[in-house]
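The values are calculated or read from the model by the stated rules, or taken from the named source; none is laboratory data. Just so it is clear, the model here is predicted, and its values are computed rather than measured. FYI the Cβ positions are ideal-geometry reconstructions off the backbone, even for glycines, and counts take in every protein chain you see.
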C-alpha cells in the first residue's frame, strides 16, 4: 500500500515531467524567438535549447534571420511623358532585430512590398519612357533608400531591390521597335557612306603617290640621261683632243708631212668616188683633174699651221 509521501513524490515527478515537456524549446540556427511572460515581452531566444515556465511563458513570435526574397506585384506606373508601363520587382531583405520586427510593425513583409510599390510609382513618374530602361539602377537605389529608412524602426534591413520587367503598351512597343529599326538603318547608312568616303580618299592618296613616284622616276631618268650625255660629250672631246694631239705629234717627226700627203690623196680619191652613190646630182670641183694641185694646197695649209705651232 502506497504511503502519502510516495504519492506526493510521484505527483511531483509527474509535474516535473509535464513542466519539462511543456517548457522545453529548441530554437533552430538563424532563428530568433520572442518570449512573452503573461502577455508581456520577456526575452529573445537565440539558437539552442531553452526551458520556459509552462502556462506562464510562451513563444509569441519566431523570425528567420536568413535573407528573404519577396516578389513585388506588377503595377501600372505613369512616366513623365504620360505613358503607362507595367513594372514588377523583387526585394531582398533580412530581419536584424527580432524585437522591433515583432513590436515595431504588424507585417513587415507586406509593409515593405507596399512601400516599394509607392516609391516605384514616384520614381517612374520623374523620368521619360526612353530613360526607364537606361536608369534601372538609379530607380533601384531610390526604392532601396526609401524602404531602408522606414525599415529601421522595423528591425529589418533591405539588402537589394531589382526591377524584373518593364512592359510598355503594345502600341508604344511597336513604335519603339520601329524607332530602333530606323536607328539601325541610319547607322548602317552612315557606316556605308563612311566606308565609301574612306575608299575614295585611299584611292586619291594612292593616285597622288603614284604620280609623285612617276615624276620622281622621270626626274631621275632625265638626270641620268643628262649625266650620260655629258660623260659621252666629255669622252668624245677627250678622244678628239687626244687624236688631234697625236696627229700634231706625228707631223712633227720626220716623214710626217709625206704620210699626211699620202693620206689626203687617198681620202680625196675615196670621197670623190662616193659622190655618184649618194644621189643623181654631182657637184664637181673646177680643177677636178688637178689632184696634185689640191693636195699641194692642203699641204701648204698644214705647213702654215705647223709653222704657227
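Might you let me know whether region 176-194 holds any residue that is under 39 Å from the mean Cα position of the chain (by Cα), surrounded by 14 or more Cβ atoms within 10 Å (Cβ to Cβ) and farther than 30 Å from residue 35 by Cβ? Please lay out each step first, then the result.
So in region 176-194, the residues under 39 Å from the mean Cα position of the chain (by Cα) come out as 176-194.
Those left that are additionally surrounded by 14 or more Cβ atoms within 10 Å (Cβ to Cβ): 176.
Now narrow it down to the ones that are farther than 30 Å from residue 35 by Cβ: 176.
The answer is yes; a qualifying residue exists.
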Practice problem: Kindly provide the set of residues from region 131-144 that are over 30 Å from the mean Cα position of the chain (by Cα) and either outside the structural domain of residue 84 (by TED's automatic domain parsing) or surrounded by 19 or more Cβ atoms within 10 Å (Cβ to Cβ) (or both), ordered by number. | Solution: 143, 144
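Among the candidates 95, 83, single out the residue that is under 19 Å from residue 161 (Cα atoms), assigned by TED's automatic domain parsing to the domain that holds residue 155 and touching a helix residue (DSSP H, G or I) at 6+ places or on another chain (Cβ under 8 Å).
Details: 83 fails: under 19 Å from residue 161 (Cα atoms).
Only one candidate passes the filter, namely 95.
Is at least one residue of region 55-62 surrounded by 14 or more Cβ atoms within 10 Å (Cβ to Cβ) and outside any strand (DSSP E or B)?
To start, the set of residues in region 55-62 that are surrounded by 14 or more Cβ atoms within 10 Å (Cβ to Cβ) comprises 57-62.
Cutting the leftovers down to outside any strand (DSSP E or B) gives us none.
Checked region 55-62: no residue is surrounded by 14 or more Cβ atoms within 10 Å (Cβ to Cβ) and outside any strand (DSSP E or B).
Give, as residue ranges, the helices (runs of 4 or more DSSP H) completely inside region 66-175 that count at least 3 residues that are in contact (Cβ under 8 Å) with a residue 40 or more places away in the chain.
Values: elements: 98-103, 108-124, 129-132, 136-151.
Result: 98-103, 108-124, 136-151.
Hey, among 20, 52, 38, which residue is surrounded by 10 or more Cβ atoms within 10 Å (Cβ to Cβ), over 60 Å from the mean Cα position of the chain (by Cα) and farther than 21 Å from residue 99 by Cβ?
Values: 52 fails: farther than 21 Å from residue 99 by Cβ; 38 fails: farther than 21 Å from residue 99 by Cβ.
Of the residues listed, the single one that is surrounded by 10 or more Cβ atoms within 10 Å (Cβ to Cβ), over 60 Å from the mean Cα position of the chain (by Cα) and farther than 21 Å from residue 99 by Cβ is 20.
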Practice problem: Taking the options 190, 147, name whichever one is at pLDDT below 90, touching a strand residue (DSSP E or B) at 6+ places or on another chain (Cβ under 7 Å) and outside the structural domain of residue 32 (by TED's automatic domain parsing). | Solution: 147
Quiz item: Does region 40-48 include one or more residues that are out of contact with any strand residue (DSSP E or B) (no Cβ under 8 Å at 6 or more places or on another chain), modelled with pLDDT of 90 or more and either part of a loop (DSSP other than H, G, I, E, B) or more than 22 Å from residue 143 (Cα to Cα) (or both)?
Solution: yes
